[in-house]
Amino acid sequence: FQAALLTLTRKRGAATYAQTLQNIPETQVTTLENGLRVASEESNQPTCTVGLWIEAGSRYEDAKTNGAGFFVEHMAFKGTKKRPGSAFEKEVESLGAHLNGYTSREQTAFYIKALSKDMPKVVELLSDLVQNCALEDSQIERERGVILQELKEMDSNLADVTFDYLHATAYQGTALAHTVEGTTENIKRLTRADLASYIDTYFRAPRMVLAAAGGISHRELVDAAKQHFTGMPVTSKEGSVPALAHCRFTGSEIRARDDALPLAHIALAVEGPGWADPDNVVLNVANAIIGRYDRTFGGGKNQSNRVAALAAEHNLCHSFEPFNTSYSDTGLFGFHFVSDPLSIDDMMFCAQGEWMRLCTSTTESEVTRAKNYLRNAMVAQLDGTTRVCENIGSHLLHYGRRIPLEEWDARISAVDARMVRDVCSKYIYDKCPAVAAVGPIEQLLDYNRIRSAMYWIRL
């Protein structure tokens, strides 16, 4: 009887997957007169995350200013005209709050996680951060040294180096070839005027989203935004920002051979779709079919993903992971693996063979498994106010609205094996890939051999 009672209690308190998607609070969006978009999702959380997502990043920089956005991100935390020096960080800490930020190729973000009751204060702090950055000469020189040290440390992260090389060869001669952090030469010579010009050009109200999630009121958030952001200019002193230049994909390669390194990092990619393209959902299902692998995973050769099973059985690599990196009008769809020098050829053969199999013989059973994996990853976005806030801010920049999880679920459900075969053939089959390789890569085949594995000849 007691066991039956416990079962009833559990069933009564558990929500189904469909109910979970339907019960997510609505995302409310208000656009101020100056173009700033204010968006929030209200919940009963005692904490909230409030952040600014800005349409700015290394893609908006040229060869001479590359690294300015990353430099500005560092300087944003080093004091404002109202809160000089470390006063800004001390005020954030006095709230018991957590301040963070990041810069990518197409967006910059600053966000603060705090108690819900402190939301108005957090909005005021964020407005001060983007409108009144002090850019003191002494702080600039201090941060210049910090960034140069970071660049040295980043060179030891071979995965990041490989992906920077992949962008450099895939989008050579265009803004997407730039690294987010910039070059050492640029960081050494960027001036206060360069940083001030970057802020004046890109930190404009129409390019920003003020996003919030947690125990907050949308009306109060809008009131706080009107109080602190209304006076923010719509355009820079030079006028409107130039239109975003198209970054053309090029099938080519970069090889940085270093036999002193113990492991080889290889990345291969074809051109993928931009953020808003519906093919992205199908390609994400395809990547879920491929799966990922690391030597620390259990299961060995019994894993459901073919690549993972082969890698474990034949010791082909240390790790393997597919990726689908999207930008406004283009993307990189590919895979990255880390292997011993003598396993490169076998691992590349295995990975490219899996691509060809996706184009020609994907089955319904593996599509079903992949869709369930994607649903699980999608629901994980509900975990914590910071992830929800980032989801809101990024969606409004990428899509112009926040796409509900229920809509994402419907898109995933509509995918079948034929769609996977057709879309993979569209982007992968007989296409010229971009290749980046770092480390002891002597065994990496000639580019023409890699290109010839992008199709199958069947008699």
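Please find the FRET efficiency linking residue 340 to residue 87, where r is the Cβ-Cβ separation and R0 is fixed at 51 Å, and quote it to the nearest 0.05. Efficiency for this residue pair is about 0.45. One chain, two ends: residue 234 and residue 136. Fully extended at 0.36 nm per residue, the span grows by 32.8 nm beyond their Cα-Cα distance. For the chain, adding -39500 (n - 2.57) for each run of n ≥ 4 DSSP H residues and dividing by the number of residues yields -13500 deg cm²/dmol at 222 nm. Spin-label model, residue 442 to residue 152: label points 7 Å out along the Cα-to-beta-carbon direction sit 3.1 nm apart.
Remark: the range 66-174 carries a charge dipole of roughly 360 debye about the Cα centre, counting +1 on each Lys and Arg Cβ and -1 on each Asp and Glu Cβ.
Remark on the range 27-230: ratio of C-alpha radius of gyration to 2.2 N^0.38 Å is 1.06.
Residues of the range 335-361 falling in the label zone of residue 261, defined by backbone nitrogen less than 19 Å from a point 7 Å along Cα to beta-carbon, are 335-349. Label-to-label distance, residue 295 versus residue 411, with points set 7 angstrom from Cα along the beta-carbon direction: 3.8 nm. Calculated from the structure, Rg/Rh (Cα atoms, Kirkwood Rh) equals which of (1) 1.02; (2) 1.42; (3) 0.99? Label (3) holds the value from this structure. The order of the peptides 147-153, 130-136 by mean Cβ neighbours within 10 Å, most packed first, is 130-136, 147-153.
Taking the average, over residues, of other Cβ atoms within 10 Å as the packing measure, peptides 387-393, 415-421, 50-56 rank 50-56, 387-393, 415-421 from highest down. Where the accessible area of the chain is counted over protein heavy atoms with a 1.4 Å probe, how much of it, in %, is carbon and sulfur? So the carbon and sulfur contribution to the accessible surface is 51 percent. Here each label is just a point 7 Å from Cα along the line to Cβ, and for residue 368 and residue 276 those points are 3.6 nm apart. Kirkwood hydrodynamic radius of the range 253-453, from the reciprocal of the average inverse Cα-Cα distance over all distinct pairs: 17.9 Å. Heavy-atom accessible area per residue, the chain, 1.4 Å probe: how many Å²? Using a 1.4 Å probe on heavy atoms only, each residue of the chain averages 46 Å². Taking the Cα centre of the chain as reference, the dipole from Cβ charges on Lys and Arg (+1) and Asp and Glu (-1) amounts to some 880 debye.
Over the range 27-230, what is the mean sequence separation of C-alpha contacts under 8 Å (at least six apart), divided by residue count, expressed as relative contact order in percent? Relative CO of the range 27-230 lands at 41 percent.
Using Cβ point charges alone (K and R +1, D and E -1), the dipole size of the range 253-453 about the Cα centre works out to roughly 360 debye.
The values are calculated or read from the model by the stated rules, or taken from the named source; none is laboratory data. Since we're looking at a predicted model, the values are computed, not measured. Glycine gets a Cβ as well: all are built from the backbone with ideal geometry, and neighbour counts include every protein chain shown. SASA here: full protein model, heavy atoms, side chains in, ligands and nucleic acids out. Shrake-Rupley method; radii C 1.70, N 1.55, O 1.52, S 1.80 Å.
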